[in-house]
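Trainee: Shown below is the structure under consideration.
The values are calculated or read from the model by the stated rules, or taken from the named source; none is laboratory data. As the structure is a prediction and not an experimental result, all values here were calculated from the model. Methodologically, a virtual Cβ is constructed for each residue, glycine included, from the backbone with ideal geometry; neighbour enumeration extends over all protein chains shown. Each accessible area value is taken on the protein alone, full model and side chains, heavy atoms only, with ligands, DNA and RNA left out. Shrake-Rupley method; radii C 1.70, N 1.55, O 1.52, S 1.80 Å.
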Amino acid sequence: MDDGRVGEIVTDDGSGADPQKFAVALRRTIGEMNRLVHGFASIENLHPTDVHALSFVLDNPDTATPGLLREHLGLTSGAVTACLDRLEKAGHIRRSRADDDRRVVRIHYVQGARAAARTHFLPLAQAADRARDRFTQDELAVVLRYLDALNEELGELRAPRG
């Protein structure tokens, strides 16, 4: 609903979709996810940004490159290189050159390193399963559509690099 009131909290219209409650729930979810990310980073002696980089590599197994990672994380080339150096030294990733163009570097999640992440994030997966079981397939389809739309909108908010 766009009624031109930028930044103003609109109260619940009785539909149960109170925007303020929705925003609070999203912030709580982000906070809980950050808590888990920071915990894993601490255990693995990594920076939380390194864990976000690992997630990107996991979600993009065939296409992860330093350039795409730089764009995704909003970091400089040097910061991405430092991040990848830490991850490689810790045994989480390996870099390889593309067969068809040796200038292209691909980032791969080391198979054995996934076990530590799976162990740490297993409670998250179990919690997600329990929460998902509370909804019908149709409801979950709406939630997924919303999350996809939100991620698309948030992607548009990335600040241009200066």
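Trainee: Run the 1.4 Å probe and let me know the accessible area of R86, rounded to the nearest 10 Å².
Mentor: 100 Å²
Trainee: More than 21 angstrom separation, counting every C-alpha pair in the range 63-144; what % is that?
Mentor: The calculated P(r) of the range 63-144 puts 51 percent of pairs beyond 21 Å.
Trainee: If the only charges are +1 at each Lys and Arg Cβ and -1 at each Asp and Glu Cβ, what is the size of the charge dipole of the chain around the Cα centre, to the nearest 20 debye?
Mentor: Approximately 980 debye in magnitude.
Trainee: What nm distance separates the two modelled labels at R134 and N60, each placed 7 Å from Cα along Cα→Cβ?
Mentor: 3.3 nm
Trainee: Roughly how many debye, to the nearest 20, is the charge dipole of the range 11-99 about its Cα centre, given +1 on each Lys and Arg Cβ, -1 on each Asp and Glu Cβ, and no other charges? Write out the running numbers ahead of the final one.
Mentor: Details: 10 positive and 12 negative charges, 69 e Å.
Dipole magnitude for the range 11-99 comes out near 340 debye.
Trainee: Report the calculated FRET efficiency for R158 and T81 (r = Cβ-Cβ distance, R0 = 22 Å), to the nearest 0.05.
Mentor: 0.60
Trainee: Further question: Rounded to the nearest whole Å², what accessible area per residue is found for the range 112-162 with the 1.4 Å probe?
Mentor: 86 Å²
Trainee: Still on this structure, please answer the following. Give me the three principal axis extents of the chain from the C-alpha atoms, as integers in angstrom, largest value leading.
Mentor: Sorted from largest, the Cα extents of the chain read 57, 40, 30 Å.
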